[in-house]
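Reading through the structure tokens given below for one structure.
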Amino acid sequence: MRKALVKKAVTLLLLLTIIVPGCFVRYYDVYGDNKQNLDNANNKKSDLQSEYDKTQKKLDELKSQSNDIETYLTQLDSQMSAINSSLDEVNGQIEQIETEITDTEEKLAEAEEDVDEQYDSMKLRIQYMYEHNEETYFALLLNSESMGDMLNKAEYITKISEYDRKMLEKFNDTVNFITAAKIKLEQDRETLVAKQEELTDKKSSLELLESTKKKEMASLKKNTQQQKDYQAKIEADIKAQDNLIASIEAKIKAEEEANKNNNSNNGGSNNGGSTKYDGGAFKWPTVSTRITSPYGDMEGRTSPHQGIDIGAVNRGVSGDPIYAAADGEVIISRSSPSAGNYIAIYHGDGLVTRYLHASVLLVNEKEKVTKGQLIARMGTTGNSDGVHLHFDVRLNGVVVNPWNYLSK
């Protein structure tokens with residue numbers, strides 16, 4: 001009988017030697033794989049974040065170049081406006097001078113015609129008096145009624161000659177004055193035409209420079225859009241990595257809890273230190289109840305909204321409190337390009353809640369939190385259109401409807 005009991009005891013010890021280490025080996029293999037996967041995921045996210053930062057730096061440089069060109073184009077526009085204004089003024093002056101030249105030419109033609117007529121009349125009178133001088137003279141004497149009348153007529157002949165001379169001189173002076181005025185107007189026109197050509201050349205140079213700068217701006221805009229598209233892809237990849245990291249960390253926590261529970265059961269006691277969702281309703285995660293984008297919303301999106309967006313009590317004002325929806329352990333408390341400052345809490349049984357776009361984070365990773373505890377303040381960091389809290393729930397790494405866990 002005693003030998004039989006000893007034999008059974010030895011057999012049991014052998015079985016325990018085989019089974020128990022196997023369980024531990026399996027646990028540590030799975031745990032080790034997940035830790036390696038987590039390290040790989042974090043390394044990949046770090047690489048993506050580095051690439052994102054490089055792209056952002058490039059975008060900042062492109063923005064700076066665009067601003068410089070826009071400033072330069074504004075200056076060119078100002079110079080172009082000044083040149084166009086000067087050209088309009090010069091063109092108006094040229095048009096006015098050409099009108100004055102036309103009027104002067106008409107006056108000059110009339111004056112020259114008057115000179116010619118006066119000259120021809122004077123020549124005829126002089127010729128007539130020369131050819132009939134004696135006859136005319138004696139005719140005047142004979143036809144005079146008195147000596148005084150005769151002297152008056154003789155003086156009249158002299159005055160006619162003097163009048164012709166003075167009129168001719170006057171007309172010649174008028175012709176000379178008008179000719180000088182015309183020459184002055186033509187000189188002024190030549191000066192204005194030269195200025196017009198100079199301004200036109202400057203305008204052509206500015207137009208060429210403006211065209212070149214606009215082409216540079218178009219190239220910068222194209223490059224900027226390409227960089228933004230690339231950055232958006234990186235941002236989506238980072239978001240996917242965040243989801244993967246949260247999923248792996250949830251698995252690791254679940255494995256740690258399972259191991260603790262196994263150890264507690266094997267030891268015949270429960271240490272009460274594990275994180276386990278109690279199945280009750282989550283606490284509403286902030287003070288505001290104004291939902292700006294519901295779960296599953298498609299408006300302005302390419303895929304359904306994965307959580308609930310809750311706006312601030314006072315629109316646009318940061319700082320509303322953010323509370324832990326349930327007891328758990330903080331597995332993420334960091335910043336991301338898309339999520340901004342965000343927190344992920346593991347509640348046990350593969351259940352994780354996330355709180356995105358916070359202005360400030362108030363808890364650290366691996367810190368235990370209780371239901372309703374203040375963990376952050378509402379903000380608009382990351383990819384956000386305004387101050388709000390994005391709250392979502394994941395079960396075993398898969399997005400689920402938050403309303404399944406919230407009191408309605």
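Any read-out appearing in this document is the output of simple, stated calculations on the displayed coordinates, not a laboratory observation. These figures come from a predicted structure and were not determined experimentally. Neighbour counts are summed over all protein chains in view; Cβ atoms, including those assigned to glycine, are modelled from backbone coordinates with ideal geometry.
Under 5 Å between amide H atoms, partner at least 5 residues away or on a different chain: which partners does ASN341 have, H built in plane at 1.01 Å?
Under 5 Å from the amide H of ASN341 lie the amide H atoms of SER336, HIS357, ALA358, THR381, GLY382, each far enough along the sequence or on another chain.
Within segment 312-355, report the trypsin sites (Lys or Arg not before Pro) that DSSP leaves as loop and that have at most 15 other Cβ atoms within 10 Å.
Values: sites: ARG315, ARG334, ARG354; in loops: ARG315.
Listed in order of number, the matching sites are ARG315.
If I take R0 = 51 Å and measure r between the Cβ atoms of LEU374 and ASN67 in this structure, what FRET efficiency does the formula 1/(1 + (r/R0)^6) give, to the nearest 0.05?
It comes out at approximately 0.80.
How compact and how long is segment 275-408, expressed as Rg and Dmax of its alpha-carbon atoms in Å?
Calculated on Cα positions, Rg and Dmax stand at 13.5, 38 Å.
Straight-line reach only, C-alpha to C-alpha below 13 angstrom: list the aspartates and glutamates that LYS214 could link to, leaving out same-chain residues fewer than 8 apart.
Filter leaves ASP68, GLU70, ASP77.
What aspartates and glutamates does LYS239 reach when the alpha-carbon gap must be under 19 Å and sequence neighbours fewer than 8 apart in one chain are set aside?
Those aspartates and glutamates meeting the cut-off are ASP39, ASP47, GLU51, ASP53, ASP229, GLU249, ASP297, ASP309, GLU365, ASP385, ASP392.
Past 24 Å, Cα to Cα, is the threshold; run LYS57/LYS221; LYS233/LYS283; LYS44/LYS368; LYS251/LYS371; LYS233/LYS368 against it and keep the listed order. Each step should come with its number before you reach the end.
Values: LYS57/LYS221 16 Å; LYS233/LYS283 34 Å; LYS44/LYS368 27 Å; LYS251/LYS371 21 Å; LYS233/LYS368 34 Å.
Beyond 24 Å between Cα atoms: LYS233/LYS283; LYS44/LYS368; LYS233/LYS368.
Show which aspartates and glutamates lie in cross-link reach of LYS63 when reach means a straight Cα distance below 14 angstrom and same-chain residues fewer than eight apart are skipped.
The reachable aspartates and glutamates, counting only those whose Cα sits under 14 Å from LYS63, are GLU216.
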